[in-house]
1. Considering only the range 104-113, I want to know if a residue exists there that is assigned to a helix (DSSP H, G or I), within 29 Å of I212 (Cα to Cα) and among the charged types (D, E, K, R).
2. The conditions are (1) surrounded by 19 or more Cβ atoms within 10 Å (Cβ to Cβ); (2) modelled with pLDDT under 95; (3) among the small types (G, A, S), and G172 fails exactly one of them. Which is it?
3. Please tell me if Q23 is surrounded by 12 or more Cβ atoms within 10 Å (Cβ to Cβ), part of a helix (DSSP H, G or I) and modelled with pLDDT under 90.
4. Among the listed residues E6, E62, E16, E66, which satisfies the condition of being at pLDDT below 90, acidic (D, E) and touching a Ser or Thr at 6+ places or on another chain (Cβ under 8 Å)?
5. Kindly establish whether T103 is crowded, with 19+ Cβ neighbours inside 10 Å, of a type in the set (V, I, T), touching a residue at least 24 places away in the same chain (Cβ under 8 Å) and touching a strand residue (DSSP E or B) at 6+ places or on another chain (Cβ under 9 Å).
6. May I ask you to say which residue of L57, L26 is under 24 Å from D107 (Cα atoms) and touching a helix residue (DSSP H, G or I) at 6+ places or on another chain (Cβ under 7 Å)?
Amino acid sequence: MQTGMEGGRKRARTDEQKSLRRQSILDAAESLFREGGFEAFSMAKLAKLTGVVKGTLYLYFETREEVFLVLYNQSLVRWSEVLLDGLRVGMSDREYAALFYETAMADDGYNPLLVRLEQTIEHNISLQSFVSSKRIVIDRFGKLAAKTAQVLNMELPEGSEVVSTLGVLLVGASRADQAPSFDRDLIPADVLELLAEFSSRNLYTKNALRIIEGIRRESAGR
C-alpha cells in the first residue's frame with residue numbers, strides 16, 4: 001500500500017493543497033447536486049466522483065449538510081453579485097421585482113438550496129458553520145439593501161426590509177411550479193390560463209409589488 005495516497009491521488013499536505021482539494025470537492029458536489037438534486041446526493045457518490053476515499057471527505061466537511069451549506073453560501077454570493085450588477089437607479093418596482101426573481105431562478109444552486117436551508121441543511125451542521133454562514137448572509141443582504149434603497153429611492157431600513165421579505169417570498173413562490181411537464185400544445189386553453197395564474201413568476205411578481213408598495217406606504221405614514 002502506497003503512503004500519502006488517497007484513492008490514487010496524492011494526499012493534500014500544505015494549506016494551499018488542502019484549499020485546492022476542498023474546492024475541487026465542492027465543485028464536484030455542485031455538479032452532483034445539479035445532476036441528481038438533493039435527495040440523490042450522497043457522500044459515497046461524491047467520494048467516487050472526486051476520486052478520494054469517503055473518509056477523506058469528512059476531513060473537510062463533517063456532514064453531508066455541511067457540504068450543502070457551503071454550496072449555498074457560494075450560490076448566495078454568486079447570485080447577489082449578479083443582482084447587484086443588474087440594479088440601476090430609476091428602475092420601476094416591477095423591473096426590480098422581475099430582476100430579483102429572474103436572477104435567483106437562473107442560478108442552478110441558489111433557490112433549490114435556499115428552499116432546503118432552514119428545513120433540512122441547518123439541522124445537521126456545527127454552530128461554527130451556522131454562524132459563519134449567517135455572517136455571509138448579513139454581508140450580502142447588507143450590500144443588496146444599500147443598493148436597493150438607492151435604486152428604489154427609499155431609506156436603508158426600508159431597503160433592508162424589501163430584500164429580506166422578497167427573499168422569503170422566493171421560497172414560497174418556487175414551490176408553485178410543480179405541475180407535470182406535459183406538452184403545452186396538448187393542454188386546453190382554460191387549464192393553461194390557470195397554470196399561468198398560479199405560476200411562480202406570476203405569484204412572485206404580484207406579491208413582490210404589494211410588499212414594496214406596503215413598505216413605501218408604511219414608511220410614508222411614520
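1. no
2. So the condition that G172 fails would be (1).
3. no
4. E6
5. Criteria not met by T103.
6. Sole residue among the options that is under 24 Å from D107 (Cα atoms) and touching a helix residue (DSSP H, G or I) at 6+ places or on another chain (Cβ under 7 Å): L26.
The values are calculated or read from the model by the stated rules, or taken from the named source; none is laboratory data. This is a predicted model, so every value here is computed, not measured. Neighbour counts are summed over all protein chains in view; Cβ atoms, including those assigned to glycine, are modelled from backbone coordinates with ideal geometry.
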